[in-house]
1. Would you please list the contacts, defined by Cβ atoms under 7 Å and residues six or more apart or on different chains, that run from a residue in the stretch 1-26 that is closer than 9 Å to Tyr48 by Cβ to a residue that is loosely packed, with under 13 Cβ neighbours inside 10 Å and small (Gly, Ala, Ser)?
2. Could you pull out the residue among Glu17, Glu50, Glu46, Glu58 that is outside any helix (DSSP H, G or I) and among the acidic types (Asp, Glu)?
Amino acid sequence: MSIDPRVALQSLVTALEEHLAASASRRRETDPAVAAAYLGIVDAFEVYEEALYDAFGELTPFEIYEESDDDDPDLADDDDDDLEDDDLEVVDDIADDDADDAEDGGDGTGFASDRVEAEIEH
């Protein structure tokens, strides 16, 4: 048995009003009341869209986007483990500089401060 789209629409409007109220009374950045109200909108929207489609064969122009791992700030530290080709080129450039230093009689560290100290000592 399908839900009347008007009833589903009223539930969606109620969910939006609850989200507004939770957002207005937010106590901290990650307030669980706001998160719960957000999920309430998602659920109510899905019911409304299904009821609308079942009754009239119509869809809304809206789409619910799910949060991906890339959007999760708790997983942001894991991105440091992913090396890209550009990162490897920097390492290769440093190795090339060290090789150039060794050819020039340097100590192979490649640090400018080492060269300055060597010049001061001589």
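1. none
2. Answer to the check: Glu58.
Each row is one residue, and each column tells you yes or no for (1) surrounded by 12 or more Cβ atoms within 10 Å (Cβ to Cβ); (2) aliphatic (A, V, I, L, M); (3) closer than 16 Å to Ile64 by Cα.
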{"residue": "Ser2", "(1), (2), (3)": "no, no, no"}
{"residue": "Ser11", "(1), (2), (3)": "yes, no, no"}
{"residue": "Ala15", "(1), (2), (3)": "yes, yes, yes"}
{"residue": "Ala33", "(1), (2), (3)": "yes, yes, no"}
{"residue": "Phe45", "(1), (2), (3)": "yes, no, yes"}
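Since every read-out is calculated from the coordinates, none of them should be taken as a lab result. Predicted model, so just to flag it, every value in this text is computed and none were measured. As a convention, Cβ positions derive from the backbone with ideal geometry for all residues, glycine included, and neighbour counts pool all protein chains shown.
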